[in-house]
Amino acid sequence: MTKLNELAPKDGSTKGRMRVGRGPGSGKGKTAGRGVKGQKARSGVSVYGFEGGQMPLHMRMPKRGFNSRNRKDFAEVNLWRIEQAIEAGKLDAKQAIDAAALVAAGVIRREKDGVKLLGEGALKSKLTLTVYSATASARAAVEKAGGSLTTTKPEAAAAEA
């Protein structure tokens, strides 16, 4: 068994850093690959995005939008993807389908903050679904197929109280 102090990467999997400025025989001596003179040949220079004193492009562009720190990230799933999993035998249409069942079937990778059901595709099976939220077209398609849909998203009135 390998001990912790004997761990090492496989031979050839890592390269040593280039040792520059070690004489002409090294191939990277004298100017050490930096060319000749100028600001970028000196140490301590950082000129990425610098435009010679002109206002840089990233500062000339208008600021747009806003990203909330409290936003939720949903695992989105379409109806056709659920139907595909049922036809492949990964999901059982007779059982209740929730986020855990979708993850176990490989329909979604992880639950995230909840599952949002989208209405793309046709649904042939009668399903009992429990998701965080669903689009109007997805809800209509599930009910048209004879199934039921339960959403766990808190109502706006409940959030205010």
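Structure notes:
- Identity of the residue in region 109-135, among the hydrophobic types (A, V, I, L, M, F, W, C) and within 17 Å of ALA75 (Cα to Cα), that ends up surrounded by the fewest Cβ atoms within 10 Å (Cβ to Cβ): LEU118
- Within region 50-85, being surrounded by 10 or more Cβ atoms within 10 Å (Cβ to Cβ), in contact (Cβ under 8 Å) with a residue 40 or more places away in the chain and not basic (Lys, Arg) holds for PHE74, ALA75, GLU76, VAL77, ASN78, LEU79, TRP80, ILE82, GLU83.
- Looking across region 35-75, the residues that are closer than 30 Å to ASP98 by Cβ and either of a type in the set (S, T, N, Q) or at pLDDT below 90 (or both) come down to ASN67, SER68, ASN70.
- Some residue of region 57-65 being over 30 Å from LYS30 (Cβ atoms) and touching a Ser or Thr at 6+ places or on another chain (Cβ under 7 Å): no
- All of LEU123, LEU129 fail the test of being modelled with pLDDT under 95, assigned to a strand (DSSP E or B) and in contact with an Asp or Glu (Cβ under 8 Å, 6 or more places away or on another chain), apart from LEU129.
- Selection status of THR150, surrounded by 15 or more Cβ atoms within 10 Å (Cβ to Cβ), outside any loop (DSSP other than H, G, I, E, B), among the polar types (S, T, N, Q) and out of contact with any Lys or Arg (no Cβ under 9 Å at 6 or more places or on another chain): no
- Pairs, first exposed (fewer than 15 other Cβ atoms within 10 Å of the Cβ) in region 87-108, second modelled with pLDDT under 90 and not in a loop (DSSP other than H, G, I, E, B), C-beta under 7 Å, six or more apart: none
- Selection from region 66-88 of residues that are within 14 Å of LEU127 (Cα to Cα) and either more than 21 Å from the chain's Cα centre (by Cα) or of a type in the set (A, V, I, L, M) (or both): LEU79, TRP80, ILE82, GLU83, GLN84, ALA85, ILE86, GLU87
The values are calculated or read from the model by the stated rules, or taken from the named source; none is laboratory data. Fair warning: this is a prediction, and the values are worked out from it, not measured in the lab. Here Cβ is always computed from backbone atoms with ideal geometry, including for glycine, and neighbour counts include all displayed protein chains.
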